[in-house]
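Have a look at the structure below before the remarks.
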Amino acid sequence: MLQQESIKLEINAAVKMRDGTNLYADIYRPDDESKHPAILARLPYNKDESPKSLSGYMNPQKFVRNGYAVVIQDLRGTGVSEGQFYARRAEADDGYDTVEWVAAQPWCDGNVGMYGLSHLGFTQWAAAKAQPPHLKTICPAGTQHGARPYKNGAFRLNQTLNWYLIVTACALRRSTLPPEELKSLRESLIYMIDNIEDQLCFLPLKDVPAAKIAKEPDIIPFYADYLTYIDEESYWKQLHTPTPLEEVVIPTFHICSWYDDLASDVVVSYVGMKKRGGSQLARKNQKLIMGPWTHSTEQLSISGDLDFGAASTGTSIDVNGMHMRWFDHWLKGIDNGIMEEPRVRIFVMGDNVWRDEKDWPLPNTRYTKYYFHSNGHANTRNGNGFLSTQLPGEEQTDIYLYDPRNPAPTKSGKTGHAWIEGALEQREIEERADVLIYTSATLETDVEVTGPVELILWASSSAVDTDFTGKLVDVWPDGKAYNLVDGIVRARYRESEYAAKLIKPGKVYQYSIDLGVTSNVFKAGHRIRVQLSSSSFPKWDRNLNTGHPIGQDAEIKAAVQTIYHNKQYPSHILLPVIPKR
């Protein structure tokens with residue numbers, strides 16, 4: 001037991017799970033004999049070597065100085081905890097058991113909350129779903145109630161493979177393999193991380209060398225399963241993905257950002273808890289903050305290629321203080337006014353200001369259709385595609401060739417970082433012939449778009465399966481273009497993510513593509529743009545256009561894609577326009 005600045009620190013306290021497995025936690029608490037509410041964070045990244053991941057948005061010592069005990073625990077099979085790590089599988093039961101263990105300790109008053117970002121947020125949702133009696137609130141940041149590593153059937157390749165390598169590196173620290181074998185594996189892992197683009201491009205996906213490490217003893221096994229059980233709903237349910245919101249009965253403070261890949265899922269969690277939360281207490285007590293940041297970077301003002309100013313950071317609005325006030329209210333019963341404040345606070349890009357809202361989606365939203373038009377050549381930003389609110393008449397189709405050997409990239413240049421996020425300049429991508437561009441006239445007045453963005457597309461393909469991607473872009477007066485939101489649909493999963501149905505070549509189908517959520521003012525002098533293509537690699541895996549099981553082989557076919565925009569097939573983007581106040 002260590003003591004420092006009136007803080008007691010207990011290292012590697014054993015917490016026994018219902019199956020007898022010991023999970024180990026570090027406990028920070030006030031150096032007194034009183035009982036205190038407790039804050040729990042559970043992580044897969046090794047609590048002894050990942051202090052940033054430990055604390056999420058706030059250092060544990062700050063909680064202790066405010067009268068809380070803080071418990072930081074290695075998940076099953078990670079760090080020093082016993083057992084085998086399999087992402088998401090044990091988090092409901094282990095979360096329940098840990099919460100109740102914490103509540104029963106002599107230094108705890110029985111009130112427990114949870115906090116943390118990214119995967120630490122998922123562990124909160126899983127524990128909340130299990131309904132431990134002493135868990136009073138959760139504060140998940142940069143995460144949601146359990147999105148699968150798929151988006152409308154497309155595999156989140158870059159995010160999943162990079163995260164897999166991170167947790168594999170953590171797993172190697174605890175491996176019992178012979179030293180020479182372990183040394184060889186570590187060298188292989190370092191090489192793979194340094195040459196991540198080779199891993200991302202490897203076919204078939206199931207045989208990517210980075211995943212082969214999983215076949216070694218004591219190393220995580222779930223990557224191959226993610227590809228094998230893509231549309232088996234029972235598999236994902238046992239991973240609590242997604243978490244049934246009807247089973248979550250406690251207040252929740254949601255924090256995320258427009259350029260976090262999980263932004264849309266976080267907003268869905270907020271709206272879902274208001275409508276379907278498992279208790280009146282939960283439904284009435286939800287709070288949402290959305291900044292302009294990327295994943296886990298709320299302290300920064302820079303997002304990709306744009307700087308939104310010092311006032312855009314989480315520090316500027318005191319996110320840490322909001323966390324503390326939230327916990328003070330729900331764990332200490334302090335009437336500090338936080339629940340009388342507006343439910344929603346958003347950063348409005350373009351105007352670059354924070355704004356409080358009564359709810360989400362904004363009640364005064366006017367959903368406006370911007371239709372695609374062209375003379376049959378919308379290819380590249382130099383083509384003749386344009387956007388307008390006028391319905392199309394009889395217009396020519398737009399055609400492009402999608403070749404998975406040369407997919408349209410997520411961003412220009414190297415694309416191997418785990419999170420390809422932020423406002424990224426688009427002009428190089430827009431020079432590709434396999435990217436269709438539809439751009440509005442120059443705006444005479446500001447146009448605010450705040451809310452969910454949807455793309456309705458009528459298209460045909462020469463393939464039996466393919467992808468369609470869409471992106472909303474803000475074009476500045478100097479011609480620079482910056483992405484706001486994007487999305488994808490895999491044709492075979494157009495009706496359901498759990499029921500594959502191939503398409504007939506040449507037949508026109510309607511596709512709905514969820515592009516995500518945003519808040520952006522297109523300033524006067526700017527233009528609104530939509531990009532259409534069939535890939536955003538490596539953010540999502542390439543559809544090889546064969547209709548074969550995903551990730552299982554390396555056969556590739558090119559596909560001719562036809563986009564329709566006429567009176568019968570009025571392809572458009574649906575924008576949530578907010579009237580000027």
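The values are calculated or read from the model by the stated rules, or taken from the named source; none is laboratory data. Computed from a predicted structure; not experimentally measured. Using ideal geometry, Cβ is built from the backbone for each residue, glycine included, and neighbour counts are taken over all protein chains shown.
Within region 1-50, restricting attention to residues that are among the basic types (Lys, Arg), in a loop (DSSP other than H, G, I, E, B) and more than 16 Å from Ala90 (Cα to Cα), the residue that is modelled with the highest pLDDT is Lys35.
Yes/no per residue for (1) surrounded by fewer than 24 Cβ atoms within 10 Å (Cβ to Cβ); (2) of a type outside the set (Lys, Arg); (3) over 27 Å from Trp236 (Cβ atoms):
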{"position": "Asn22", "(1), (2), (3)": "yes, yes, yes"}
{"position": "Glu33", "(1), (2), (3)": "yes, yes, yes"}
{"position": "Pro60", "(1), (2), (3)": "no, yes, yes"}
{"position": "Val80", "(1), (2), (3)": "yes, yes, yes"}
{"position": "Ala127", "(1), (2), (3)": "no, yes, no"}
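Here region 466-486 is the region considered, the condition is being hydroxyl-bearing (Ser, Thr, Tyr) and buried (at least 24 other Cβ atoms within 10 Å of the Cβ), and the residue that is nearest to Ser303 (Cα to Cα) is Thr469.
Whether any residue in region 293-305 is touching an Asp or Glu at 6+ places or on another chain (Cβ under 6 Å), of a type outside the set (Ser, Thr, Tyr), assigned by TED's automatic domain parsing to the domain that holds Ala87 and under 22 Å from Gly116 (Cα atoms) is what I want to check. Within region 293-305 (the criterion being touching an Asp or Glu at 6+ places or on another chain (Cβ under 6 Å), of a type outside the set (Ser, Thr, Tyr), assigned by TED's automatic domain parsing to the domain that holds Ala87 and under 22 Å from Gly116 (Cα atoms)), the answer is yes, since at least one residue qualifies. Of all the residues in region 490-537, those that are assigned to a loop (DSSP other than H, G, I, E, B), surrounded by fewer than 24 Cβ atoms within 10 Å (Cβ to Cβ) and modelled with pLDDT of 95 or more number 15. Test Ile456 against the criterion of being surrounded by fewer than 20 Cβ atoms within 10 Å (Cβ to Cβ), more than 22 Å from the chain's Cα centre (by Cα) and not assigned by TED's automatic domain parsing to the domain that holds Ile196, and give yes or no. So Ile456 passes the test. The single condition among (1) at positive phi; (2) free of Cβ contacts under 8 Å to residues at least 12 places away in the same chain that Gly551 does not meet is (2).
Conditions (1) buried (at least 23 other Cβ atoms within 10 Å of the Cβ); (2) in a loop (DSSP other than H, G, I, E, B); (3) in contact (Cβ under 8 Å) with a residue 40 or more places away in the chain, marked per residue:
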{"position": "Ile138", "(1), (2), (3)": "yes, no, yes"}
{"position": "Asn158", "(1), (2), (3)": "yes, no, yes"}
{"position": "Leu165", "(1), (2), (3)": "no, no, yes"}
{"position": "Ala169", "(1), (2), (3)": "no, no, no"}
{"position": "Arg174", "(1), (2), (3)": "no, yes, yes"}
{"position": "Leu177", "(1), (2), (3)": "no, yes, yes"}
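Checking each residue in region 380-406 for being closer than 22 Å to Thr442 by Cβ and either among the aromatic types (Phe, Trp, Tyr) or not in a loop (DSSP other than H, G, I, E, B) (or both) picks out Phe386, Leu387, Ser388.
For region 140-156, residues that are buried (at least 24 other Cβ atoms within 10 Å of the Cβ) and among the polar types (S, T, N, Q) total 2.
Looking at Ile213, Ile250, Ile230, Ile289, which is the one that is free of Cβ contacts under 8 Å to residues at least 60 places away in the same chain and either farther than 30 Å from Phe327 by Cα or not in a strand (DSSP E or B) (or both)? Checking each option against the conditions leaves just Ile213.
Restricting attention to region 307-366 and to residues that are modelled with pLDDT under 95, outside any loop (DSSP other than H, G, I, E, B) and not hydrophobic (A, V, I, L, M, F, W, C), the residue that is surrounded by the most Cβ atoms within 10 Å (Cβ to Cβ) turns out to be Ser312.
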